[in-house]
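The values are calculated or read from the model by the stated rules, or taken from the named source; none is laboratory data. Worth saying up front: this structure is predicted, and the values here are computed from it rather than measured. We place every Cβ from the backbone using ideal geometry, glycine too, and count neighbours over all the protein chains shown. Accessible surface is based on the protein model in full, side chains and every heavy atom, while ligands, DNA and RNA are left aside. Shrake-Rupley method; radii C 1.70, N 1.55, O 1.52, S 1.80 Å.
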Amino acid sequence: MSIFPFIVVAWVLAVGLYGIITSRHLVHQIVCLIVVQSSTYILLLGVGYKTGAVAPYFYDIPTNTPAVDPVVQALALTDVVVEAAVTALLLAFAVQAHKRFGTLDPEELRQLQG
Amino acid sequence: MTPSQRRWVFLVAGGGFLAFYLWGLIGLPGFGHYPGPYGDIINAIAVTQTHATGVVSAVNFEYRAFDTLGEEFILFIAATGVATVLRHLRQERDTSAVDEARNRDVPATSDAVAVVTLAFIGPTVVVGWYLASHAQTSPSGGFQGGIVLATAFVLVYLAGQFIVFKRLSPVALADAIEAIGAGSFAAVGIAALALGAAYLTNILPLGSTPGAVNSAGTIALISFFVGIEVAAAFILIIGELLEQTLIVREGTGR
């Protein structure tokens, strides 16, 4: 099945979005956002994959060996680190929200805002 | 909007997304049939052009170095943001990082945990430096190496106490290292400008052997700066979050 990985992408994206929509806890919501972002890694790596190709590292193999697309791998790599930092920032917001309002339920937070 | 209404909106929108997504997939080449040509061209020329055998690093720190500079500043700003957002509220006070509850004893870190984590600190630092300094040869680079280096400091926290973690990674020092890492990346680019080349052009000698540690010019240098910046940023972030748990308490202020 040549489109199976792309179906997985859509599934992971949908599961994460559903989690964000139905979540009753900010930390849970942030975890769901990580799930959503994970779908982009599968998409990136899936787009660049070539059947029978090796990883784009030519340390001990000839440079004409078929290798997968290095560009999408580079994108996924920086994405992972940036995601971790952004997650920390969102968790910091959750900490402050809990301090100010005493709750992490998005519904109650909205009611507090009026 | 009630939760059930929201779920219906999601179902409708999700159905629409799925339809368009499947429609889009029909036009895409199937999995495993990479159409190229960008990745193929880079794979073909990168080793001769940059003398880096790790083409992913060559893309990150050479062909798309400007893009990576942007990503790195996202990381920088996120770390700054964590520190800003977690600044003390007016009614908060600091406590010492020692449990204040009188009715229970604080269990000391067990010897088993302390021994294992202490034994891992040295190897972790070595692996971190190895990864950060071998971007040009193997699947590694500043991002991975920096994270591993930051882990070494978390091991210190696990093995001992928050105080030791803080003493080993003072905020001012981590701040400075983070800024130096991020700034040096930009400065490497500016050095190319001073020599009349385009921003972030690889201006250093490439070395004679592709795959040698001292090859690939600025790729190795930038990877190193990214490594110390990522390490410092994550030590800052982890330190801030631990401080929230262990030191900051509600109170009347001092």
May I ask you to evaluate 6.51 cos²θ - 1.76 cosθ + 1.60, the Karplus curve with θ = phi - 60°, for each residue of segment A:42-55 and list the ³J(HN,Hα) values in order in whole Hz, giving x for glycine and proline?
4, 4, 4, 5, x, 5, x, 6, 10, 4, x, 8, 9, 5
Within the set of other residues whose C-beta is less than 10 Å from the C-beta of A:Leu44, count the net charge using Lys and Arg as +1 and Asp and Glu as -1.
-2
Can you find, among A:Tyr49, B:Ala150, B:Val9, the residue sitting farthest towards the positive end of the charge dipole of the protein assembly as shown, where Lys and Arg contribute +1 and Asp and Glu -1 at Cβ?
B:Val9
Which values of log₁₀ I(q)/I(0), to two decimal places, follow from the Debye formula for chain B at q = 0.08, 0.11, 0.16 Å⁻¹ with a uniform point scatterer at every Cα?
-0.50, -0.82, -1.10
Taking a probe of 1.4 Å, how large is the accessible area per residue of segment B:118-179, in Å²?
45
Surface/4 of the Cα convex hull for chain A, nm²
9.1
From other protein chains only, count the Cβ atoms within 10 Å of every residue's Cβ in B:40-46, then give the mean.
5
Roughly to the nearest percent, how much of the accessible area of segment B:36-250 is carbon and sulfur, given a 1.4 Å probe?
68
Answer with one residue from B:Val171, B:Phe66, B:Val127: the one whose Cα lies farthest towards the positive end of the charge dipole of segment B:36-250, charges on Cβ with Lys, Arg +1 and Asp, Glu -1.
B:Val171
Return the value, in Å² to the nearest 100, of accessible area buried between chains B and A (probe 1.4 Å, both sides summed).
4600
Give me the inter-chain shielding for A:91-103: mean count of other chain Cβ atoms within 10 Å, whole number please.
3
Rolling a 1.4 Å sphere over the protein heavy atoms, what is the accessible area per residue of segment A:4-113, to the nearest Å²?
49
Placing +1 at every Lys and Arg Cβ and -1 at every Asp and Glu Cβ, with all other atoms neutral, what dipole size does segment A:4-113 have around its Cα centre, in debye to the nearest 20?
240
Going residue by residue through segment B:71-84, the Karplus relation 6.51 cos²θ - 1.76 cosθ + 1.60 with θ = phi - 60° gives ³J(HN,Hα) values, rounded to whole Hz and with x marking Gly or Pro, of 4, 5, 6, 4, 4, 4, 5, 5, 5, 4, x, 4, 5, 6
Suppose every K and R has +1 on its Cβ and every D and E has -1 on its Cβ; what is the size of the dipole of chain B about the Cα centre, in Debye to the nearest 20?
480
Residue by residue through A:11-19, how many Cβ atoms from other chains fall within 10 Å of the Cβ on average?
2
Helix axis angle, B:111-133 relative to chain B longest principal axis, alpha carbon, degrees
30
Percent relative contact order for chain B, counting Cα pairs under 8 Å at least six residues apart, stands at 29
Among rounded, prolate and oblate, which fits segment A:42-109 when a ≥ b ≥ c are the square roots of the eigenvalues of its C-alpha gyration tensor, a/c under 1.5 means rounded, and a/b larger than b/c means prolate?
prolate
For the protein assembly as shown, size of Cβ-based charge dipole, Lys and Arg +1, Asp and Glu -1, in debye
720
